[in-house]
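S.K.: Can you keep this structure in mind? I'll have questions shortly.
The values are calculated or read from the model by the stated rules, or taken from the named source; none is laboratory data. From a predicted model like this one, the values you see are computed outputs, not experimental measurements. Cβ: placed from backbone, ideal geometry, glycine included. Neighbour counts: every protein chain shown.
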Amino acid sequence: MRRMILDAAMELFVSEGYEQVSIRRIGEKIEYSPATIYLYFKDKDDILYELHNDSFDRFYQAEVAVSSLQDPLERLRALAKVYVDFGLSHPQHYELMFILKAPTVRQAETRDWSRSFRTFDFLREIVDDCLKAGLIRPGDPHAISLGLWSLVHGFVSLLLRDRMAMVPEEVRDPLVMQGLDYMMENIKA
């Protein structure tokens with residue numbers, strides 16, 4: 001039942017927007033009363049928080065697959081590809097993680113968001129490794145990580161939102177990889 005509620009909420013949050021979805025609407029989707037949902041979740045924010053953590057756990061598992069690569073620069077490039085692949089393979093999770101409007105500030109302050117932060121920390125650690133090895137140009141690891149993340153996020157967001165109509169579909173994937181390669185070449189030491 002818990003999984004059914006989460007799956008229905010995920011679909012509704014992404015298709016209709018978090019603010020537009022009510023517990024009653026989720027109940028209608030799964031054909032149960034709202035009271036049933038309250039047996040499993042305190043409120044709609046609680047459902048969103050659970051979905052958020054689940055999505056970031058999935059993403060983190062995909063990220064750590066690059067840990068075995070010895071060369072930090074190759075690890076960084078592989079991580080960028082993992083990010084793009086994850087976003088395109090799991091569009092609902094990606095929407096919920098990075099595009100859907102976040103819950104209220106009060107909710108953000110009262111929850112533990114460490115499971116989402118660790119995905120960014122993983123990127124920053126790889127950037128640190130590249131900097132220590134002299135493989136990329138010197139700079140603030142946090143700023144470099146934010147810049148790299150923003151670039152791959154831009155690629156995924158454009159692709160998910162069908163904003164790359166000017167690029168023929170058959171060359172989109174190679175073009176994204178060329179963009180990643182160009183980025184990697186330009187940060188090398």
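Residues are listed down the side, and each one gets a yes or a no for (1) basic (Lys, Arg); (2) within 30 Å of ALA8 (Cβ to Cβ); (3) without any contact (Cβ under 8 Å) to a residue 12 or more places away in the chain; (4) not assigned by TED's automatic domain parsing to the domain that holds ASP7:
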{"residue": "LYS81", "(1), (2), (3), (4)": "yes, no, no, yes"}
{"residue": "SER114", "(1), (2), (3), (4)": "no, yes, yes, yes"}
{"residue": "LEU123", "(1), (2), (3), (4)": "no, no, no, yes"}
{"residue": "HIS153", "(1), (2), (3), (4)": "no, yes, no, yes"}
{"residue": "MET166", "(1), (2), (3), (4)": "no, no, yes, yes"}
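S.K.: Follow-up. Just the residues that are out of contact with any Pro (no Cβ under 6 Å at 6 or more places or on another chain), loosely packed, with under 15 Cβ neighbours inside 10 Å, of a type in the set (D, E, K, R) and more than 19 Å from ARG111 (Cα to Cα), please, taken from region 8-45.
M.R.: GLU11, GLU16, GLU28, GLU31
S.K.: A follow-up question, please. Taking the residues in region 172-181 that are surrounded by 11 or more Cβ atoms within 10 Å (Cβ to Cβ) and either of a type outside the set (D, E, K, R) or in contact with a helix residue (DSSP H, G or I) (Cβ under 8 Å, 6 or more places away or on another chain) (or both) as candidates, determine which candidate is farthest from ARG77 (Cα to Cα).
M.R.: So the first thing to find is which residues in region 172-181 are surrounded by 11 or more Cβ atoms within 10 Å (Cβ to Cβ), and the list is 172-173, 175-181.
Remaining after also requiring either of a type outside the set (D, E, K, R) or in contact with a helix residue (DSSP H, G or I) (Cβ under 8 Å, 6 or more places away or on another chain) (or both): 172, 175-181.
Numbers: ARG172: 18, LEU175: 15, VAL176: 12, MET177: 10, GLN178: 11, GLY179: 11, LEU180: 7, ASP181: 8 Å.
Only one residue fits best here, namely ARG172.
S.K.: Taking TYR18 as the residue in question, decide whether it is outside the structural domain of SER145 (by TED's automatic domain parsing) and within 16 Å of HIS93 (Cα to Cα). Lay out the reasoning, then the answer.
M.R.: On the way: outside the structural domain of SER145 (by TED's automatic domain parsing): yes; within 16 Å of HIS93 (Cα to Cα): yes.
It is true that TYR18 is outside the structural domain of SER145 (by TED's automatic domain parsing) and within 16 Å of HIS93 (Cα to Cα).
S.K.: For the structure I just gave you, tell me whether VAL171 is out of contact with any strand residue (DSSP E or B) (no Cβ under 6 Å at 6 or more places or on another chain), in a loop (DSSP other than H, G, I, E, B) and either modelled with pLDDT under 90 or hydroxyl-bearing (Ser, Thr, Tyr) (or both).
M.R.: no
S.K.: Here's a follow-up. Run ARG124 past the list (1) surrounded by fewer than 14 Cβ atoms within 10 Å (Cβ to Cβ); (2) modelled with pLDDT of 95 or more; (3) of a type in the set (Lys, Arg) and report the number of the one that doesn't hold.
M.R.: Here ARG124 clears every test but (1).
S.K.: Mind checking which residues of region 1-47 are aromatic (Phe, Trp, Tyr) and assigned to a helix (DSSP H, G or I)?
M.R.: Within region 1-47, PHE13, TYR18, TYR38 meet the criteria.
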